[in-house]
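Everything below concerns the one structure shown next.
Just so it is clear, none of the values below were taken in a lab; they were calculated from the coordinates. In this text the structure is predicted, and so the values were computed from the model without any measurement. Here the Cβ positions follow ideal geometry from the backbone for every residue, glycine too, while neighbour counts run over all protein chains shown.
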Amino acid sequence: MNILILGGGGREHSLAWAVKQNPKCDRLIVAPGNAGIAQIADCADIDILDGDAVATFAAENAVDFVIIGPEAPLAAGVADRLRDAGLTVFGPSAAAAQLESSKYFTKSICDAANAPTASYARFAQAGPARAYVQEHGAPIVIKADGLAAGKGVVVAMDSATALTAIDDMFGGEFGQAGAEVVIEEFMEGEEASFFILCDGQTALPIGTAQDHKRAYDGDQGPNTGGMGAYSPAPVLTDAIAAKAMAEIVNPTLAEMTRRGTPYHGILYAGLMIKDGQPRLVEYNCRFGDPECQVLMMRLGAQALDLMLACAQNRLSDMQVNWADDHALSVVMAANGYPGSYEKGSVINGLDSLPEDSHHMAFHAGTAEKDGQITATGGRVLNITARGNTLQQAHARAYAMIDQIDWPEGFNRTDIGWRAL
Ligand code: AMP
Ligand code: GLY
């Protein structure tokens with residue numbers, strides 16, 4: 001079959017890498033892709049937020065199956081448009097993607113489903129929001145309601161920070177995404193990510209991971225989109241995963257179906273775990289980045305069968321075959337990320353790296369220029385390895401990093417520390 005993947009980051013490189021290994025995959029196209037993806041797939045320059053453009057491209061290229069990587073096309077209704085055109089699509093409708101695109105929507109679903117999560121209040125004006133913070137004190141969490149490219153959450157350890165965040169959000173820092181603000185109770189505990197495929201009927205857990213959001217070693221420095229990840233997440237034991245399914249995920253899916261907007265695709269539940277009890281931090285309606293990279297490294301070719309069965313409402317026939325293995329991914333970012341950084345620096349040493357079912361250098365933000373790989377983004381490479389133990393995966397990933405010559409980039413040296 002001909003397969004189109006939408007997106008151009010490390011997540012999509014790992015999806016393409018897994019899909020490509022499956023004999024069901026004939027032609028593989030990724031839009032827009034990047035320099036690493038171009039080594040294994042055709043890259044197409046189409047506007048992936050434009051459902052009509054994607055539908056036309058899919059028809060012209062005899063595409064059978066579309067996998068949507070990032071949240072923006074989902075929130076823009078691209079999955080709906082493609083399904084209307086008769087395509088088989090992996091990804092939720094815009095209505096179901098509100099689980100990611102509106103924090104308040106998710107809170108209201110949790111209320112209806114009685115799912116454990118932080119207590120909250122929702123505001124459309126700064127005055128009452130400031131009064132709420134003054135009443136409740138810190139620590140407290142301030143969230144722009146809408147999509148803000150992962151930057152719309154401020155975990156405020158003191159009231160002054162919380163009040164500044166409120167003023168910034170209502171002052172337009174995130175545009176329309178900050179027109180409403182959700183203020184939440186600060187939850188303590190250990191965070192982990194839980195990934196569940198859903199086809200509107202069946203929910204199939206496919207793995208767990210943990211990422212590292214802070215830029216620097218020791219979980220210091222500014223928040224980022226994620227500086228590294230590993231799978232599985234030891235804190236998400238089978239018992240806690242079962243609890244999360246029973247108390248959070250299944251009631252959420254039932255409520256979505258009851259509202260006439262059943263959820264199709266991957267549901268990424270961010271959980272806070274304390275004393276054996278999981279609580280929901282947030283949902284995402286896509287694979288995490290870089291969590292996807294470690295999941296794909298472990299799932300390999302079966303990822304395509306699972307995503308296809310999900311899109312065709314056949315999940316009840318499927319099971320996930322896990323090896324007793326571990327994967328770890330280290331993000332290499334441009335110096336300065338997540339602040340301002342230079343683009344265009346040359347990365348050397350990638351050619352000599354191993355590329356097999358235990359080692360992959362996934363590209364997140366790269367382009368090819370005059371035969372050289374250059375950095376085009378903040379997060380640039382995801383050096384990913386698999387092993388029988390997390391220690392082995394860790395050693396393999398960092399051995400690859402030692403071979404990469406890129407003075408304009410940096411990486412954390414302690415990915416996986418909690419589990420190691
Ligand atoms: P989100 O975009 O909702 O995932 O928030 C980003 C990060 O902020 C999460 O991964 C958590 O580390 C943190 N966070 C969000 N909400 C809370 C909360 N209620 N309590 C503690 N930390 C939170
Ligand atoms: N790594 C966090 C995310 O993808 O949202």
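Figures for the structure shown
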read-out	value
Rounded D (µm²/s) - the range 339-405, Kirkwood Rh over Cα pairs, Stokes-Einstein at 37 °C, 0.692 mPa s	258
Formal net charge of residues neighbouring Ala124 (Cβ-Cβ distance under 12 Å; K, R +1; D, E -1)	-1
About the Cα centre, charge dipole magnitude for the chain (Lys/Arg +1, Asp/Glu -1 at Cβ), debye	540
Prolate/oblate/rounded call for the range 75-232, Cα gyration tensor, a/c under 1.5 rounded	prolate
Whole-Hz ³J(HN,Hα) from phi, Karplus 6.51 cos²θ - 1.76 cosθ + 1.60, for the range 362-374, glycine and proline x	7, 8, 10, x, 9, 9, 9, 9, 6, x, 10, 8, 10
Under 11 Å, Cβ to Cβ, from Ala375 - net charge with Lys/Arg +1 and Asp/Glu -1	+1
Paramagnetic reach from Thr237 (point 7 Å along Cα→Cβ, amide N under 19 Å) across the range 270-295	271-280
Residue-averaged 222 nm ellipticity for the chain, from DSSP H runs of 4+ at -39500 (n - 2.57), nearest 500	-8000 deg cm²/dmol
Unit charges at the beta carbon, dipole of the range 212-289: most positive-side option, Leu253, Ile240, Leu280	Leu253
Cα-Cα over 28 Å, subset of Lys103/Lys274; Lys143/Lys274; Lys213/Lys369	Lys213/Lys369
Environment charge at Arg418 (Cβ cut-off 14 Å; Lys +1, Arg +1, Asp -1, Glu -1)	-3
DSSP-assigned coil residues among trypsin sites (Lys or Arg not before Pro) in the range 55-136, each with at most 11 further Cβ atoms within 10 Å	none
Mean-position separation - Cα centroids, the range 101-142 and the range 249-277, in angstrom	18
Label point distance in nm, Thr164-Gln403, each placed 7 Å from Cα along Cα→Cβ	4.4
